[in-house]
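In what follows, a single structure is set out as structure tokens and then discussed.
The values are calculated or read from the model by the stated rules, or taken from the named source; none is laboratory data. The model shown is predicted, which means the values in this text are computed figures rather than measured ones. No Cβ is skipped: glycine too gets one built from the backbone with ideal geometry, and neighbour counts run over all protein chains shown. Heads up: the accessible areas ignore ligands, DNA and RNA and are worked out on the full protein's heavy atoms, side chains in. Shrake-Rupley method; radii C 1.70, N 1.55, O 1.52, S 1.80 Å.
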Amino acid sequence: MLQQLRIHGGHAPEGCIDFSTPINPLGTPEIIKQLIYESIRSETYSSYPDYSYKILRETIAEFYNIESEYIVPLNGAAEALYLIIGAEKPITAIVFEPTFGDHRPLFHILSMNYISIQYVELFDRYVFPFNIANSLYRLIQPRCIILLSTPNNPLGTCVSMETIETMLQIYKNCNIIVDEAFMDLSKDCRSAFKLVKDYKNIIILRSLTKTFSIPGLRIGFLYTSNMELLYRIEIFRQPWNVNNIANYVLSRALHEYKGDLRKFIEYSKDVIERERQFLEQSLYNLDVHFYKSSAPFILVRFQSDVKHIQQSLKQFGIWIRDASTFQSLTKYHGRISVRLRRDNEVLINALRVILEKKKENI
């Protein structure tokens, strides 16, 4: 029963090609694999990491050209929401949805005021509902947080830096959390990093697990210039929240191999863009409705229950994400992660067979 409180992708049945997990389709870079093996051989797991994570902060800052004193390393980007709420104790939360769903059970258990603002569907894309946000701010009291993501999961929509900056100005008494977990894998979206120095009420979240396809290591970071908040988070976060293997691997990789890893990220963006276009054209040819995306996944709307599609694909050894669990989406919505061409062709061929059989049975 308790396990049903959280519903995530990434639980493909054994033996299935996993289209449910939205991570880098190129997999883990060899450099990072080698450092993982090296960390095991040198038994880094036998000692505690440096609680301050000084070297890790500095290498993240160096890699992304940002300020190290504004960084908090995280046990995956998902940890940030718990730290922020624990440190800030906000009364009201505004969430632009659908989006990654860990916030709902958290807000419920804390009895927080929860305002859900839905993205606007415009045929083949979703649009950030700025007009609604602009009309709502007069009703919102201080001690609030706002949660948005760019590119959005599961929509794939970018939120422009101009929109985010306007939101920061309008909601100057709220902390705005900008989830950029998939930013490294998007050619179209632009990071809000440069807004951090000018605005104390922006908090940016990043996931290194998505970028380097290492979800089992659980590594990300939070970035804000709000020093009071950073101080409270430092007190609130558990000791050694990032394990020493992740600490060792990323501290070395982002410093010693930053040139190679930056090239890896740029190449990843090119591959994802090319393969997403292949999937979009193929879905169009199959008359499957999809939404324009700037992320390593595509939201689709089938003409029948996605659970039936999911189970039919399972017979072909394929697993996609049932997106009906996202706020405001329906039983017809599924999310397909971008993989490499061979896997993408297997998916499209399987969908073709399934959809043709459905037409025959009509």
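Sort by residue number and name the cysteines in the chain that have no neighbouring cysteine Cβ under 4.7 Å.
Here CYS16 come out as lacking a disulfide-compatible partner, given the Cβ-Cβ threshold of under 4.7 Å.
With a/c under 1.5 counting as rounded, go ahead and sort segment 12-167 into rounded, prolate or oblate using the C-alpha gyration tensor (a ≥ b ≥ c being the square roots of the eigenvalues; past the cut-off, prolate if a/b is larger than b/c, else oblate).
Details: a/c = 1.98, a/b = 1.50, b/c = 1.32.
Verdict is prolate for segment 12-167.
Check SER149: other-chain or 5+ apart residues with amide H under 5 Å from its amide H, H built from backbone geometry?
Excluding prolines and chain starts, which carry no amide H, the hits are ASP179.
Highest mean first, what order results for 259-265, 20-26 on Cβ atoms within 10 Å?
Going from most to least packed, we get 20-26, 259-265.
For the chain, what proportion of DSSP beta bridges, expressed in % and rounded to the nearest 5, is antiparallel?
Of the beta bridges lying entirely in the chain, close to 45 percent run antiparallel.
Provide the FRET efficiency to the nearest 0.05 for the PHE278-ASP102 pair, computing r from the beta carbons and using R0 = 30 Å. Could the numbers behind the result be given before it?
Details: r = 31 Å, r/R0 = 1.05.
Once rounded, the FRET efficiency stands at 0.45.
Karplus couplings for segment 169-184 from phi (6.51 cos²θ - 1.76 cosθ + 1.60, θ = phi - 60°), rounded to Hz, Gly and Pro as x?
Computed from phi, the couplings for segment 169-184 are 6, 5, 9, 5, 9, 10, 8, 9, 8, 10, 7, 10, 4, 9, 4, 5 Hz.
How charged is the neighbourhood of MET227? Take every other residue with its Cβ under 14 Å from the Cβ of MET227, and add Lys/Arg as +1 and Asp/Glu as -1.
Here the charged neighbours net out to -2.
Starting at the first residue of segment 270-282, write each ³J(HN,Hα) from the Karplus equation 6.51 cos²θ - 1.76 cosθ + 1.60 with θ = phi - 60°, in whole Hz, x for Gly and Pro.
5, 5, 4, 4, 5, 6, 5, 5, 4, 5, 4, 5, 5
Can you give the accessible area of VAL120, probe radius 1.4 Å, in Å² rounded to 10?
Roughly 60 Å² of VAL120 is accessible to a 1.4 Å probe.
Applying the Karplus parametrisation 6.51 cos²θ - 1.76 cosθ + 1.60 with θ = phi - 60° to the phi angles of segment 237-244, what ³J(HN,Hα) value in whole Hz is obtained for each residue in order, glycine and proline being reported as x?
After applying 6.51 cos²θ - 1.76 cosθ + 1.60, I find 5, 5, x, 6, 5, 9, 5, 6 Hz.
Could you calculate the contour length gain from SER328 to LEU122, that is, 0.36 nm times the residue separation minus the distance between their Cα atoms, to one decimal place in nm?
Additional length available on full extension: 72.7 nm.
Roughly how many nanometres apart are two label points built 7 Å out from the Cα toward the Cβ at MET227 and GLN303?
About 6.2 nm, to one decimal.
Given the options GLY220, GLY156, GLY86, state which has the largest fluctuation in a GNM of the chain using a 10 Å cut-off (strictly under) for Cα springs.
With Cα springs under 10 Å in the chain, the top fluctuation among GLY220, GLY156, GLY86 is at GLY86.
Once every DSSP H run of n ≥ 4 in the chain is given -39500 (n - 2.57) and the sum is divided by its residues, what mean residue ellipticity at 222 nm do you get, rounded to the nearest 500 deg cm²/dmol?
-12000 deg cm²/dmol
Once all Cα-Cα distances of segment 110-179 are split into 10 Å bins that start at 0, what whole-number percent is in each one?
In whole percents, the pair-distance histogram is 17, 55, 25, 3.
Go ahead and run the numbers for FRET between LYS197 and LYS357, Cβ-Cβ distance against an R0 of 41 Å, rounding to 0.05.
Efficiency for this residue pair is about 0.10.
Put HIS289, HIS108 in order of accessible area, largest first, 1.4 Å probe: what do you get? Can you show the working numbers first?
Details: HIS289 35, HIS108 145 Å².
Result, largest first: HIS108, HIS289.
At 0.36 nm per residue, minus the direct Cα-Cα distance, what do GLU69 and ARG41 gain on full extension? Give it in nm, one decimal, please.
Extra length from GLU69 to ARG41 when fully extended: 6.9 nm.
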